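Novice: Take a look at the following structure, please.
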Amino acid sequence: MNENRDLEEFLKQNERRVYYQIHQLQIDDKDEEYFQEGLVAMWKAYENYQPDKGSLSTYMNYTIRNRLIDAIRKGGKEKELLEKFKKQYQIDTTSGNYRNPTGVSHILIDNEAEVKSEMDINREFWKVIRSLLTEKEWKWVRYYVIEGMSQQEIANQEKVTLVAVKGWAREVRKKLRSAGWENLKKF
């Protein structure tokens, strides 16, 4: 019971150090997540303090500041990743050809000018892709990627085995990777 009171009193006496570092680092801390990080850092500094190394106040300030900087970096990386995933999801689901969960291919269009522009861009893109592939590989791209057919449907239509169609797909991916197109999610 006495230890808890000592801890609360210590934290209360020194919480301004945390607020000072948050202010100095210009952190927007509406949820007080950074304040909590600072309190933990301050307590760790108190526990690990070695009097022969310098003053406690300097050590606490140093520890709090570094812990807050680490938290900012971690938060920034998480936000970057989240933004990256959001952008990729938006691209995958709202622009150009994509396959929704039902397997149907869609083209989302806002206005006629964008339609022509999108079609021209897509036409050039597909010409480049087409030039890299054999006839059978191009069939796989056309049916699977553009039209949204399953590999089994392609096999049935082309009167070949499913293994053959999967081989075409494997070769397409291999060729596109070697041509520097490894980030294409549709394939």
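Novice: First measure r as the distance between the Cβ atoms of Asp6 and Gln26, then evaluate 1/(1 + (r/R0)^6) with R0 = 45 Å and state the FRET efficiency to the nearest 0.05.
Specialist: Calculated value: 0.85.
Novice: With a cap of 15 neighbouring Cβ atoms within 10 Å, and only residues DSSP puts in a loop, list the trypsin sites (Lys or Arg not before Pro) found in region 26-58. Walk me through the intermediate numbers first.
Specialist: Details: sites: Lys30, Lys44, Lys53; in loops: Lys30.
Of the trypsin sites (Lys or Arg not before Pro), the ones in loops of region 26-58 whose Cβ has at most 15 other Cβ atoms within 10 Å are Lys30.
Novice: Would you rank Lys175, Lys166, Lys74 by solvent-accessible area, highest first, keeping every protein chain in place and using a 1.4 Å probe?
Specialist: Descending order: Lys74, Lys166, Lys175.
Novice: How much length would be gained if the chain were fully extended between Lys166 and Ile146, taking 0.36 nm per residue of separation minus their Cα-Cα distance, in nm to one decimal? Write out the running numbers ahead of the final one.
Specialist: Working: separation 20, 0.36 × 20 = 7.20 nm, distance 1.63 nm.
This chain segment gains 5.6 nm when fully extended.
Novice: Would you check the accessible area of Glu32, probe 1.4 Å, heavy atoms only, in square angstrom rounded to 10?
Specialist: Surface open to solvent at Glu32 totals about 80 Å².
Novice: Does anything in region 6-30 have its amide N under 16 Å from the 7 Å Cα→Cβ label point of Ile69, and if so which residues?
Specialist: Hits in region 6-30 for Ile69 at 16 Å: 21-27.
Novice: Turning to a different aspect of this structure: Starting from the amide H of Met149, placed 1.01 Å from N in the peptide plane, find each other amide H under 5 Å away whose residue is 5 or more places distant or on another chain.
Specialist: The list, which skips near neighbours in sequence, is Tyr144.
The values are calculated or read from the model by the stated rules, or taken from the named source; none is laboratory data. Just so you know, these numbers come straight off a predicted model, no measurement behind them. Cβ coordinates were reconstructed from backbone atoms using ideal geometry, including for glycine residues, and neighbour counts include every protein chain displayed. Side chains included, ligands, DNA and RNA excluded: accessible areas come from the protein's heavy atoms. Shrake-Rupley method; radii C 1.70, N 1.55, O 1.52, S 1.80 Å.
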